[in-house]
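Just so it is clear, none of the values below were taken in a lab; they were calculated from the coordinates. Bear in mind the structure is a predicted one, so any value in this text is a computation, not a measurement. Positions of Cβ are generated from backbone atoms using ideal geometry, with glycine treated the same way; all protein chains shown enter the neighbour counts.
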Amino acid sequence: MDSLISLRSLSKIYDSGSVKVTALKDVILNINSGEFVAVMGSSGSGKSTLMNIIGCLDNPTSGEYFIDGLDVKSLNSDQLAEIRNKKLGFVFQSFNLLSRTSALENVELPLFYNSEIQSDKRKAMALKALELVNLSDRIDHLPNQLSGGQQQRVAIARALVNNPVVILADEPTGNLDSVTSAEILKVLQSLNESGKTIILVTHEHDISEYTKRVVELSDGMIIRDFQANNQKII
């Protein structure tokens with residue numbers, strides 16, 4: 001079976017002129033559809049660079065990256081934007097919600113950039129995504145009328161609304177307390193159980209215990225890649 005995400009001898013070097021920094025070095029990584037993967041590592045390990053490349057927000061210096069069978073290197077800027085909109089769902093630590101826009105309208109936002117979605121279908125799709133994260137009763141609330149956990153669930157619904165092939169979650173519980181973090185991880189687990197592929201970047205070992213596989217980076221290289229047999233069930 002072809003992998004959903006395939007990185008082949010991928011490297012990233014940042015060149016500031018006088019100094020070259022190797023952020024990733026010869027990374028080989030395959031992620032199949034339906035996996036729930038934690039990408040771990042300390043600050044400077046390369047995990048954020050890896051996430052940016054997988055999210056088509058940055059380009060590798062060398063190597064190959066395939067997503068859903070597409071060779072990312074062959075795509076132009078418009079095609080990359082289309083990949084980000086249709087195949088990728090992003091969840092960030094800081095939620096990134098529009099402050100003067102309702103939960104429903106925040107979730108609808110990615111659909112405005114998808115020309116294949118007719119305007120009369122946007123609301124129904126956004127409502128369905130909010131239902132999946134148990135926020136059907138908060139659709140008209142502004143972000144400042146929602147708790148941190150509810151705001152992150154809106155962000156997850158926004159990531160889901162285009163039915164992406166993979167959800168990229170970058171420290172999604174970083175701004176939340178432990179109880180609320182557990183609620184968000186339960187949402188992500190439920191989505192994974194329904195078939196969604198999730199890649200979660202975290203530096204917290206206890207967060208990785210909720211995933212099914214752990215990829216650990218150090219100095220831009222994968223030092224461990226293992227199945228999390230003791231997955232914590234909430």
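Remark on SER3: its backbone amide H falls under 5 Å from none of the residues 5 or more positions apart or on other chains, H modelled at 1.01 Å from N. Helix 178-193 and the longest principal axis of the C-alpha atoms of the chain enclose an angle of approximately 80°.
For region 77-136, rounded, prolate or oblate, judged on the Cα gyration tensor with a ≥ b ≥ c (square roots of eigenvalues), a/c < 1.5 rounded, else prolate if a/b > b/c? Here region 77-136 falls in the oblate category. Amide H to amide H distances under 5 Å link VAL201 with VAL39, ALA169, ASP170, GLU171, where only residues 5 or more positions off or on other chains count and H is placed in the peptide plane.
Specify which residue in the list GLY220, ASN175, ILE117 is farthest towards the positive end of the charge dipole of region 111-234, using unit charges on the beta carbon of Lys, Arg (+1) and Asp, Glu (-1), about the Cα centre. About the Cα centre, the residue reaching furthest to the positive side is ILE117. With Cα atoms as the point set, the chain shows a radius of gyration and Dmax of 17.6, 55 Å. In this structure the amide hydrogen of ALA23, modeled in the peptide plane, comes within under 5 Å of the amide hydrogens of LYS12, ILE13, TYR14, none closer than 5 places in sequence on its chain. Dividing the mean sequence gap of close Cα pairs (under 8 Å, 6+ apart) by how many residues the chain holds gives a relative contact order of 28 percent. Take the chain and mark each of the GluC sites (Glu not before Pro) that is in a DSSP loop with at most 13 other Cβ atoms within 10 Å; the longest unmarked stretch, sites excluded, is 1-115.
The 3J(HN,Hα) values that the Karplus relation (6.51, -1.76, 1.60; θ = phi - 60°) gives for region 195-208 are, in residue order, x, 6, 8, 10, 10, 10, 8, 8, 10, 9, 5, 5, 5, 5 Hz. Gly and Pro appear as x. Total lysine pairs in the chain at Cα distances under 12 Å, for residues eight or more apart or on different chains: 7.
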